[in-house]
Amino acid sequence: MRISEVIRRKGAAVVTIRPDATVADLLAQLDEHHIGALVVSEDGGHSVSGIVTERDVVRELHHRGPAVLQVQVAEVMTVEVQTCLPEDHLEDLARRMTDLRIRHLPVVVDGELKAIVSIGDIVKNRIDELQAERDHLVDYVRR
């Protein structure tokens, strides 16, 4: 299965944040949308300047204490963002995400942000595939 199928099922909406927003703003968006990462975008969603996760905030909280809430997202985000393409295979990305210990991959086509997939999206699709195979086999055996 390809990432394009995952996007078709879950939708292509991506929540972004500007690099000059504060970490407090970031946390409010994470909470509001019940998500663990935001793509950082200078232009509000077309380009990828970085990615910022709950993990990034926790690490900075350890180093800076509560003052981190007033820091700009640009100071805590990951700049070297791993991305993927819609035609990438699910299995390849699952391995890559596991090897790199990352949980979110923006989907970028020709430099433009199109969607985001999480390790949870990939696991859900794999479970759905296994369930469909199981159902098919059970149906086959019962005939």
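Picking from Glu42, Glu75, which residue would you name as being of a type in the set (D, E, K, R), over 25 Å from Lys124 (Cβ atoms), open to solvent by 80 Å² or more (accessible area, probe 1.4 Å) and modelled with pLDDT under 95?
Glu42
Yes/no matrix, rows are residues, columns are (1) within 23 Å of Ile127 (Cα to Cα); (2) assigned to a loop (DSSP other than H, G, I, E, B); (3) touching a residue at least 24 places away in the same chain (Cβ under 8 Å); (4) in contact with a Gly (Cβ under 8 Å, 6 or more places away or on another chain):
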residue: Pro19; (1), (2), (3), (4): no, yes, yes, yes
residue: Gln29; (1), (2), (3), (4): no, no, no, no
residue: Gly65; (1), (2), (3), (4): no, no, no, no
residue: Val81; (1), (2), (3), (4): no, yes, yes, yes
residue: Ala94; (1), (2), (3), (4): yes, no, yes, no
residue: Lys114; (1), (2), (3), (4): no, no, yes, no
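Do the conditions hold for Val123, that is, is it closer than 20 Å to Arg9 by Cα and in contact with a Cys (Cβ under 8 Å, 6 or more places away or on another chain)?
no
So, in segment 95-143, how many residues would count as being out of contact with any Lys or Arg (no Cβ under 9 Å at 6 or more places or on another chain) and open to solvent by 40 Å² or more (accessible area, probe 1.4 Å)?
Qualifying residue count for the region: 29.
Kindly indicate whether any position in segment 50-61 is in contact with an Asp or Glu (Cβ under 8 Å, 6 or more places away or on another chain), outside any helix (DSSP H, G or I) and closer than 29 Å to Asp110 by Cβ.
no
The values are calculated or read from the model by the stated rules, or taken from the named source; none is laboratory data. All figures in this text were calculated on a predicted structure; none of them were measured in a lab. Counting neighbours? That spans all protein chains shown, and the Cβs are built from the backbone with ideal geometry, glycine included. Quick note on the areas: whole protein, heavy atoms, side chains included, nothing else; ligands and nucleic acids left out. Shrake-Rupley method; radii C 1.70, N 1.55, O 1.52, S 1.80 Å.
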